Structures are given as C-alpha cells and as structure tokens.
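Written out below as structure tokens is the structure these notes cover.
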Amino acid sequence: MILLRGGTVVTMDARRSVLRADVLVEQDRIARIGKSLRAPRGARVVDCAGKAILPGLVQAHVHLCQVLFRNHADGLALLDWLSQRIWPYEAAHDARSLSFSVRLGIAELLLGGTTAVLDMATVRHTEAALEAAAASGIRYTGGKCLMDAADCALREDTGAALAEAERLGRKWHGRGLLRWALCPRFALGCTEELLRRVRELSEREGWLVHTHASEIAEETALVRARTGLDNVAWFEQLGLCGPRTVLAHCVHVTPAEIAILARTGTSAVHCPGANLKLASGVAPLPEMLAAGANVALGADGAPCNNTLDAFHEMRLAATLHLPRAGPRAVPASEVLAMATIRGARALGLEDQIGSIEPGKKADLAVVDLGGPHCQPAGPDLHATLVYCARATDVTDVLVDGKQVVRARKLLTLDAPKLAAAAPAEARRLLARVSVRG
Ligand SMILES: [Zn+2]
C-alpha cells in the first residue's frame, strides 16, 4: 500500500475537480481519496506537500524504436526524413539496439511522468521491443509496423506482415501491462488490401488500429490522387474509422474529415512538436475540439521533436493555436485532458486510467510546484501545470500501483547508465547503416 499525503489532487474527473487530499493506493488501484487519511500499517508514505498529484500522463503516439536516432535526423521534411534517415536506421536495428532504444525512451518517459504510451514499433524484432517495455513497468500499447507498399528495405509481403502481426498479438495482448495494436505505417506505405485486412483483424480480435494520417500536404495530395478521396475520408470508406482507431497528426484535414472523426469516435493525436520540427504544418486543434472529436497528445519520435517530454508538448498545444484562434481557444484544462483522460480514451482505457478516481488503476505522477519557475502558482492549477511545469519537476511516479520513480530516481531501469551508453549504441547502429550503403 502507498499513501500519497498532503498534495493537491488534480483529478481530471468529469468535473475537473482539484482537491487538497491524500490518495491511498491498494495493490494496483486507487482505493480512497480524502483528507487526512490514516496510513494503514505497512503502507509507504510519499510526502506530497507543495506538490500536485496528476493522473499519469498518456502519450498516444510515440516511436520508441527511433529514440536511438535522436539528434541524427535534423533539418529534413517528412518524406526525406523517412526515406533518407528513419527507414534506413530502422532497417539497421538488431534486437539489441532496438531493446536499448526502447529502454532509453521509456526511461525518459517515466522520469517525466508519462505512464502510458501508444507506440508504433518498427517492422522487425518486435519481441525485443515488447520484452523491454514489459520489464520497464510502463503501460504499453503498441505493435509491429506494417509496410507493404513503401519503396524501402522495411517493405514486407502483405500476407507475411499480417501473419506476424496476428501471431504476436495473440501471444502478447493482455500480458501484464502490454496490449497489442495493429500499426499500418501510413496510407502511402500500405496497399489497400493490407488496410482492409487490418480492419478485419481489428474487428475480430478487438485490437486498436494505430496509423499516421494527413501529416503533410504532399501526403494528402498523393492519397487523393490515388484514391480520389481525402486521407481520413478514405480510411472511413475502408471501414477503418471508429473508436478503436487512433490517427496520429491530422494536420491537413478538411472540415468534412473533422466531422468524420467526431461522428465515428476516431481519435486524433496532436503532435505539435513533431509537426513544427518537420515543417509539416499546424493541426486545426481548436476546430477538432469544437467538433467534439477526441484528441490526445503525443511526442511522436525522438528524432523529429527531439524530446519525449509531455510537458513540452502540452505547452506547445496550449499556445501554438492562439495567434490564429484567439487567447481562449485552447484552455489549459483541455490540454491537460488531452494528456490524461482523452489519451486514455484513445487507448480504449478510459474506464481504467486517465483520471484520479476511486477504483481506477493507480497510474499517478507527482509534480513539485515549488521551483521558482512555477511560483507564485496561480488559482488555476491546470494552467500552472501546462504553462510552467517541466518534466524535471516530476518527483514520483506510480504505474499500476507500483512505484517506478521515487524522489526523481527511476527504479525499473538504470537511466544514467542508459544515457551514458547511448552514444556508443547509436554509433554501432549507424555503422551498420553505412555498411548497407
Ligand atoms: Zn509518428
């Protein structure tokens, strides 16, 4: 049992209540929220005085396989970034480098308060990624990337790619904190047959479908030339839109496509850091929110951001749209919802995580608001968290009731050792890229 004592609880419940209260965690669940709770015998007490207790942050679009390429793919737009850097780098992964990349990424995520991710893995060595994720203690949903049409070394035969996805999903879905997702890369990297069979497999097994959509104008133009439809509209025609589908980016979407997202319950994932750095554009976030679409938040890949810091992403989402849409267009509480309960909804876990309520899973992040950059904290704690707080303010993190970060130290992985070893691991991988020419 763990008692988080004396903090301010930012519940993110339906009323967005903020309470001065203690939180008692029993096993994997939030057992009680209340004032001056007595610590049961044997309970560990975490002192949260001067701190905020948040639902663990959810990032609904990341690529842990790419973390090892951080700072090695700058200054490129999406299609060159993919074909000249990311795809050759992903193809150069072996099980060891992939496992390392995943652990390095998860170390950054957990230390910064992100407790759940939706991850698009690479095409090969998927089990190395899943084993690393399972050992790290993060709540992981993800799957092997499916590409049967892209002109690159990662391309697979349609049937073989789907057979492996099905085999791995059957083996790993529901194991501990792991859940499987079907991850076609994007419309341009996949045949229509693959996308149709992904829909069938998702319907049969209940697995999420996670892909990229309408990230850049060139991509949407190519999809339109090929299919006669806009990207999201085409996905709808294929039967792919629905509450089990999560579309990263949705930067270049039309009002009609925003209406499709809202009507079908398809989640969009806003990735402002990556959209800026790849010069992709600015998503119509205020319009998506106004239409009632579910929008989550994600850092995307380390080599297109170049950080996996959810606080950085929240601040961007909360400020980027204001020059166009006005100073009240994207309230801080809405952005915090995107990073918590809306992210949970995207993952199909809204009844389990994303808010601090009795009975829910104990995925929690404790944030120290005592730093000079947060003070004086104003009356709106949502705003202080979104505009001022940083990933390094996170002191304690619980996932599924287990403490994974204590007093800013990661307990499940050796973060300093991973960081120190990263340059040599990256060099080894890059050497394999040049050998392949
Ligand atoms: Zn991505």
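The values are calculated or read from the model by the stated rules, or taken from the named source; none is laboratory data. In this text the structure is predicted, and so the values were computed from the model without any measurement. Here the Cβ is made from the backbone with ideal geometry for all residues, glycine too, and neighbour counts use every protein chain on show. Side chains are part of the model used for accessible areas, which takes the heavy atoms of the whole protein and leaves out ligands, DNA and RNA. Shrake-Rupley method; radii C 1.70, N 1.55, O 1.52, S 1.80 Å.
Points to keep in mind about this one:
- Qualifying residues in region 298-311 (those that are of a type in the set (A, V, I, L, M) and within 13 Å of the ligand (Cβ to nearest atom)) - the one surrounded by the most Cβ atoms within 10 Å (Cβ to Cβ): Leu308
- Count - residues of region 202-214 that are open to solvent by 10 Å² or more (accessible area, probe 1.4 Å) and either within 12 Å of the ligand (Cβ to nearest atom) or modelled with pLDDT under 95 (or both): 1
- Filtered residue count, region 243-260, keeping only those that are assigned to a loop (DSSP other than H, G, I, E, B) and of a type outside the set (A, V, I, L, M, F, W, C): 4
- Filter result (closer than 15 Å to Arg103 by Cα and surrounded by 16 or more Cβ atoms within 10 Å (Cβ to Cβ)) within region 403-424: Val404, Val405, Leu410, Thr412, Leu413, Ala415, Leu418, Ala422
Per-residue answers, yes or no, for (1) within 30 Å of Lys402 (Cα to Cα); (2) touching a residue at least 12 places away in the same chain (Cβ under 8 Å); (3) not in a helix (DSSP H, G or I):
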{"residue": "Ala128", "(1), (2), (3)": "yes, yes, no"}
{"residue": "Ala161", "(1), (2), (3)": "no, yes, no"}
{"residue": "Gly169", "(1), (2), (3)": "yes, yes, no"}
{"residue": "Val198", "(1), (2), (3)": "no, yes, no"}
{"residue": "Ala225", "(1), (2), (3)": "no, no, no"}
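- Residue match in region 271-278 (condition: aliphatic (A, V, I, L, M) and either buried (at least 24 other Cβ atoms within 10 Å of the Cβ) or under 16 Å from Thr211 (Cβ atoms) (or both)): yes
- Looking across region 97-153, just one residue is modelled with pLDDT under 95, away from the ligand (no atom under 16 Å from the Cβ) and in contact with a Phe, Trp or Tyr (Cβ under 9 Å, 6 or more places away or on another chain), and that is Ala153.
- Ala225 being open to solvent by 40 Å² or more (accessible area, probe 1.4 Å), small (Gly, Ala, Ser) and either touching a strand residue (DSSP E or B) at 6+ places or on another chain (Cβ under 7 Å) or under 21 Å from Arg70 (Cα atoms) (or both): no
- Among the candidates Arg427, Arg432, residue that is at pLDDT below 95 and either open to solvent by 10 Å² or more (accessible area, probe 1.4 Å) or assigned to a strand (DSSP E or B) (or both): Arg432
- Residue check, Val117 part of a loop (DSSP other than H, G, I, E, B) and either over 16 Å from the mean Cα position of the chain (by Cα) or not basic (Lys, Arg) (or both): no
- Index of the failed condition, Trp234 passing every other in (1) surrounded by 16 or more Cβ atoms within 10 Å (Cβ to Cβ); (2) within 23 Å of the chain's Cα centre (by Cα): (2)
- Every residue from region 49-61 that is over 13 Å from Arg139 (Cα atoms) and within 16 Å of the ligand (Cβ to nearest atom): His61
Residue-by-condition table, conditions (1) within 15 Å of the ligand (Cβ to nearest atom); (2) part of a helix (DSSP H, G or I); (3) out of contact with any Lys or Arg (no Cβ under 8 Å at 6 or more places or on another chain):
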{"position": "Ala268", "(1), (2), (3)": "yes, no, yes"}
{"position": "Ala274", "(1), (2), (3)": "yes, yes, yes"}
{"position": "Ala283", "(1), (2), (3)": "yes, no, yes"}
{"position": "Leu289", "(1), (2), (3)": "no, yes, yes"}
{"position": "Val295", "(1), (2), (3)": "no, no, no"}
{"position": "Glu313", "(1), (2), (3)": "yes, yes, yes"}
{"position": "Leu316", "(1), (2), (3)": "no, yes, yes"}
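- Check on Ala133, in contact with a strand residue (DSSP E or B) (Cβ under 7 Å, 6 or more places away or on another chain), in a strand (DSSP E or B) and open to solvent by less than 10 Å² (accessible area, probe 1.4 Å): no
- Count of region 393-437 residues, restricted to those that are farther than 30 Å from Arg29 by Cα, touching a residue at least 12 places away in the same chain (Cβ under 8 Å) and not small (Gly, Ala, Ser), is 8.
- Whichever residue in region 345-392 is assigned to a helix (DSSP H, G or I), in contact with a Gly (Cβ under 8 Å, 6 or more places away or on another chain) and open to solvent by less than 50 Å² (accessible area, probe 1.4 Å) and, among such residues, is nearest to Val9 (Cα to Cα): Thr384
- For region 65-98, the set of residues classified as more than 15 Å from Arg427 (Cβ to Cβ), open to solvent by 20 Å² or more (accessible area, probe 1.4 Å) and in a helix (DSSP H, G or I) consists of Leu79, Asp80, Ser83, Gln84, Arg85, Trp87, Pro88, Ala95, listed by residue number.
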